[in-house]
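Reading through the structure tokens given below for one structure.
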């Protein structure tokens, strides 16, 4: 590539990431929100040396958030538990995921022109840094979602790259560690084990690598389940049996991801993925590296949508529109980029090159324009979320005269905020830190 094309590539890669960092610095508020108030107890135990492994291992809802808890506990002493630092950590992890996705897409992009590579880089970066993830970018606790996505993509990448190696064990071992990272951040991360097993089935030594992989996955899931009890207060799982249509709507809302709050958008993205995956599998059936990683990543999204729907349908199908799920669901749209490049790439015997180019251009433009349009609409949500946290922070700083309604900006139970704010002030953390 020429110097100017390289400069354009770096610009489109870094642009969306820089935009999110600016949003975090401008709208991020250094005050605990929701579950973060409950996490204050961990710092209190850590301060007196009484924090136990069982505290970290204990589930939060359905999740054993071992990795995110360790990250937050390790980062807090360095920053005075400045919540913006956790938000920036999420952005850094998301950038690592973009680089992994681009590395996975390299076989398809290598055969494309420089401007196609620039478009693919921009769209992948734009998707991963979509502002539709309102609640996640401005809520440090949500680092768990970015860790889970990074772990899932790394597991897929390592198992895919092991296919062409006679000695795949280093790649498979790193992939297994990445799968553990995913599973012990998000409960539905367990879906990554069978999906990567499908990739390893393409390896010449499939019996050995598959046996190793499945043994680690089974052992990890068994360990996860030991002593596990489903938390009280969650909807009954039996709701799914009485409302299968509601589950379909839930999954549709979930899969819509960065394209709005309509179940039809989820169906459209899924259909586009199915068509492109079929074309690439048919045209490049002897090159599994072009389609298997993206089928696995899309399968991960769909498994998360289904598992979350089973667990949350009792809250209503519209609960799937919660912005936290976009961090997972955007991976389905991301899979469209390399699959589209591979599907519309030139072949020696193609009959309608002009029609192919036109279809590829229209599809690419629609995908990118849809993400940009959603980002523009979501800015008002970002501003509103930030204002509510600023109001809550001001009330915490004037706790004695603060109303319960004001404190509900930060937690549904104002009594929790009043109690934990005193502990937080004694620990000199977050908004009570010297540099808070």
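Being under 17 Å from the mean Cα position of the chain (by Cα) and farther than 24 Å from residue 196 by Cα: is that true of residue 323 here? Lay out the reasoning, then the answer.
Details: under 17 Å from the mean Cα position of the chain (by Cα): yes; farther than 24 Å from residue 196 by Cα: yes.
In short, yes.
Go through 126, 131 for me and flag whichever is buried (at least 23 other Cβ atoms within 10 Å of the Cβ), part of a loop (DSSP other than H, G, I, E, B) and under 15 Å from the mean Cα position of the chain (by Cα). Walk me through it before giving the result.
Values: 126 fails: part of a loop (DSSP other than H, G, I, E, B).
After applying the criteria, what remains is 131.
Could you please tell me which pairs satisfy a Cβ distance under 8 Å, a separation of 6+ or placement on different chains, a first residue in the range 242-270 that is on the phi > 0 side of the Ramachandran plot and surrounded by fewer than 22 Cβ atoms within 10 Å (Cβ to Cβ), and a second residue that is assigned to a helix (DSSP H, G or I) and modelled with pLDDT of 85 or more?
Correct list of pairs: 260/374.
Tally up the residues in the range 279-289 that are within 21 Å of residue 123 (Cβ to Cβ) and at pLDDT 85 or above, please.
Of the residues in the range 279-289, 2 are within 21 Å of residue 123 (Cβ to Cβ) and at pLDDT 85 or above.
Only one residue in 425, 389, 420 is free of Cβ contacts under 8 Å to residues at least 12 places away in the same chain and surrounded by 13 or more Cβ atoms within 10 Å (Cβ to Cβ), so which one is that? Please lay out each step first, then the result.
Working: 389 fails: free of Cβ contacts under 8 Å to residues at least 12 places away in the same chain; 420 fails: free of Cβ contacts under 8 Å to residues at least 12 places away in the same chain.
Within the list 425, 389, 420, the selection yields 425.
If residue 435 satisfies every condition in (1) modelled with pLDDT under 90; (2) assigned to a helix (DSSP H, G or I) but one, which is the exception?
Among (1) modelled with pLDDT under 90; (2) assigned to a helix (DSSP H, G or I), residue 435 violates only (2).
For the range 200-232, name all the residues that are over 30 Å from residue 60 (Cβ atoms) and over 24 Å from the mean Cα position of the chain (by Cα). Full working, then the answer.
Narrowing the range 200-232 to residues over 30 Å from residue 60 (Cβ atoms): 200-212.
Within the range 200-232, 201, 202, 203, 204, 205, 206, 207, 208, 209, 210, 211, 212 meet the criteria.
For the range 153-165: of the residues being touching a residue at least 24 places away in the same chain (Cβ under 8 Å) and not in a helix (DSSP H, G or I), which is surrounded by the most Cβ atoms within 10 Å (Cβ to Cβ)?
Across the range 153-165, the extreme among qualifying residues is 162.
Report the residue count in the range 233-243 for those that are under 24 Å from the mean Cα position of the chain (by Cα) and part of a helix (DSSP H, G or I).
Residues meeting the conditions: 0.
Conditions tested, residue by residue: (1) assigned to a helix (DSSP H, G or I); (2) farther than 15 Å from residue 251 by Cβ; (3) modelled with pLDDT of 85 or more.
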| residue | (1), (2), (3) |
| --- | --- |
| 320 | yes, no, yes |
| 327 | yes, yes, yes |
| 332 | yes, no, yes |
| 335 | yes, yes, yes |
| 340 | yes, yes, yes |
| 362 | yes, yes, no |
| 368 | yes, yes, yes |
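Which one of these is modelled with pLDDT under 90, touching a helix residue (DSSP H, G or I) at 6+ places or on another chain (Cβ under 7 Å) and part of a helix (DSSP H, G or I): 252, 217, 246? First the steps, then the outcome.
Values: 252 fails: modelled with pLDDT under 90; 217 fails: modelled with pLDDT under 90.
246 is the lone residue from the list that is modelled with pLDDT under 90, touching a helix residue (DSSP H, G or I) at 6+ places or on another chain (Cβ under 7 Å) and part of a helix (DSSP H, G or I).
Filter the range 179-199 for residues that are in a helix (DSSP H, G or I), within 29 Å of residue 57 (Cβ to Cβ) and touching a residue at least 40 places away in the same chain (Cβ under 8 Å) and give the result. Don't jump to the end; show me each part of the working.
Pass one, the range 179-199, residues in a helix (DSSP H, G or I): 179-183, 187-199.
So of that shortlist, the ones also within 29 Å of residue 57 (Cβ to Cβ) come out as 179-183, 187-197.
Scanning the range 179-199 gives 179, 180, 181, 183, 187, 188, 189, 191, 192, 195, 196.
Go through the range 282-318 and give me each residue that's outside any helix (DSSP H, G or I) and surrounded by fewer than 24 Cβ atoms within 10 Å (Cβ to Cβ). Give the derivation first.
Going through the range 282-318, the residues outside any helix (DSSP H, G or I) turn out to be 284-287, 291, 316.
The answer is 284, 285, 286, 287, 316.
The values are calculated or read from the model by the stated rules, or taken from the named source; none is laboratory data. All of these numbers come straight from a predicted model, not from anything done at the bench. For neighbour counting, all protein chains shown are included, and Cβ atoms are generated from backbone atoms with ideal geometry for every residue, glycine included.
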